[in-house]
1. Just one of (1) of a type outside the set (Val, Ile, Thr); (2) touching an Asp or Glu at 6+ places or on another chain (Cβ under 7 Å); (3) exposed (fewer than 12 other Cβ atoms within 10 Å of the Cβ) trips up ALA106, so point out which.
2. May I ask you to list pairs of residues, at least six apart or on different chains, whose Cβ atoms are under 6 Å apart, with the first in the stretch 128-150 being free of Cβ contacts under 8 Å to residues at least 24 places away in the same chain and closer than 15 Å to GLU72 by Cβ and the second being of a type in the set (Lys, Arg) and in a strand (DSSP E or B)?
3. Do we find that GLY112 is small (Gly, Ala, Ser) and farther than 19 Å from LYS26 by Cβ in this structure?
4. The conditions are (1) touching a helix residue (DSSP H, G or I) at 6+ places or on another chain (Cβ under 6 Å); (2) without any contact (Cβ under 8 Å) to a residue 40 or more places away in the chain; (3) closer than 16 Å to LEU17 by Cβ, and THR82 fails exactly one of them. Which is it?
5. Taking only the stretch 112-136 into account, find how many residues are at pLDDT 95 or above and outside any helix (DSSP H, G or I).
6. Can you run down the residue pairs with Cβ atoms below 6 Å, 6 or more apart or on separate chains, where the first is in the stretch 43-71 and at pLDDT below 95 and loosely packed, with under 13 Cβ neighbours inside 10 Å and the partner is of a type in the set (Asp, Glu) and part of a helix (DSSP H, G or I)?
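The values are calculated or read from the model by the stated rules, or taken from the named source; none is laboratory data. Nothing here was measured: the structure is a model prediction, and the numbers come from that model. Heads up, the Cβs are rebuilt from the backbone with ideal geometry, glycines too, and the neighbour counts pull from every protein chain shown.
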Amino acid sequence: MMKLVRTDSNNNDFIHLVNLLNDYLKIVDGDDHDFYHQYNNIDVLKHIVVAYIDNKPVGCGAFKKFTEKETEVKRMFTLPETRGKGVATKILKELENWSRELNFEACILETGKRQVEAVQFYKKNDYTVIPNYGQYKDVTNSICFKKVIK
């Protein structure tokens, strides 16, 4: 049975999962890792969702305010052994619901083109590709997405 918990960036399970995510991204992003990593400080994140199966943390995601109408989804991760079980989808839906509760109208996000599974996942969850924004504007490995949630 899966349980979702809304929390903040002080949650030890979230911190542990983010460390695993960072280890994974160091390998996948290679030389680009340091560039991306500078934009992924978790201390600025106040809206975190951690997924548990049998009281074990198996996935996480977060969002932060991007504009008055948009949140930016950050730090999405699911343990490899629990992928394909709907964990990420449930986390993403909870982040969208929470954003909507706070009167935001859309969610945006960035992922790397090398994260093929992530790109497919966001498309499957009705996110559409948008022009790269902010610090990702001229980054050829980045792909940005948006979903209207209102």
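1. Condition not satisfied by ALA106: (3).
2. Listed pairs, sorted by first residue: ILE130/LYS146.
3. Numbers: small (Gly, Ala, Ser): yes; farther than 19 Å from LYS26 by Cβ: no.
In short, no.
4. With (1) touching a helix residue (DSSP H, G or I) at 6+ places or on another chain (Cβ under 6 Å); (2) without any contact (Cβ under 8 Å) to a residue 40 or more places away in the chain; (3) closer than 16 Å to LEU17 by Cβ applied to THR82, the lone miss is (1).
5. Adding up the residues that qualify gives 9.
6. From residues that are at pLDDT below 95 and loosely packed, with under 13 Cβ neighbours inside 10 Å, there are no pairs.
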